[in-house]
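Worksheet for the structure shown next.
FYI, it's all coordinate maths here, none of it is from the lab. Since this is a predicted model, take the numbers as computed values, not measurements. Cβ atoms come from the backbone with ideal geometry, glycine included; neighbour counts cover every protein chain shown.
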Amino acid sequence: MSLMDILSPYANRPTSTEDDFDEVAKQLPPDVLGDGIAQAFRSDKTPAFGEMVSRMFSGSNPSMQAGLLNQLIAAVGPAIVGKLTSVLGNRDTGGQAPISEADAQRLSPDQVSDLAEQAQKTDPGVMDLIGNFYAKNPEIVKVLGGAALAIALGRIANRTPR
C-alpha cells in the first residue's frame, strides 16, 4: 500500500476533528464524553490542565465561568476563596457562597489557570469533574484544539463497544 493510498481518505474527507467531535458529542451520554475530555486533560500531548481550563474559561459565557469556578472550588475546598480575596473582595460567608457571574468576570485567565493547577494537585479527580462539567456544553471544548479533541475521540472510541 502506498503512502497516498493511506492518506487519500484524509485528503478527501469533508469533515474536521471539530466536526467529528460535534457529531460524536450529540450522540453520547455526558459521562462518556466527559471521560474523553478528562483524558485530553491528562495527556502529555496537550498543554497543562490549568492552561486548558483557562482556555475554556475564556471561551465560556459568565454563567459557565461561574459554574467552572464553583466546580474547581468544590474540588479544592472553600479555603481557596481566601486566596482570591484581592480580586473578589471580602467574602463574609467563610467561602461557602458560590462564585457569582460577576465574581467570575473579575478573575483573569491566569488566575483561573492557577486555581485549576492547585485543584489538580489537591485532587487529581478534578479532571473528571471538569470533563463532566464541559461534556454538558461540548461546543466550548473545541477551544482546546484538534490534538485535544483527537485524544478525547480516541478515548471514546476505545471505550465504545463496536
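Which members of the stretch 51-79 meet the condition of being surrounded by fewer than 22 Cβ atoms within 10 Å (Cβ to Cβ) and either in contact with a Pro (Cβ under 9 Å, 6 or more places away or on another chain) or in contact (Cβ under 8 Å) with a residue 60 or more places away in the chain (or both)?
51, 55, 58, 59, 60, 64, 66, 67, 70, 71, 73
Select from the stretch 108-145 the residues that are over 14 Å from the mean Cα position of the chain (by Cα) and not acidic (Asp, Glu) and write down the one among them that is nearest to residue 43 (Cα to Cα). I'd like the intermediate steps shown before the answer.
Kept after step one, since they are over 14 Å from the mean Cα position of the chain (by Cα), are these residues of the stretch 108-145: 108, 110-111, 114, 118, 121-123.
Checking the rest, the ones that are also not acidic (Asp, Glu) come to 108, 111, 118, 121-122.
Working: 108: 25, 111: 22, 118: 18, 121: 16, 122: 19 Å.
The extreme case among them is 121.
Could you grab the pairs with beta carbons closer than 6 Å, sequence gap of 6+ or different chains, first residue in the stretch 113-140 and farther than 25 Å from residue 19 by Cβ and free of Cβ contacts under 8 Å to residues at least 12 places away in the same chain, second one among the charged types (D, E, K, R) and part of a helix (DSSP H, G or I)?
none
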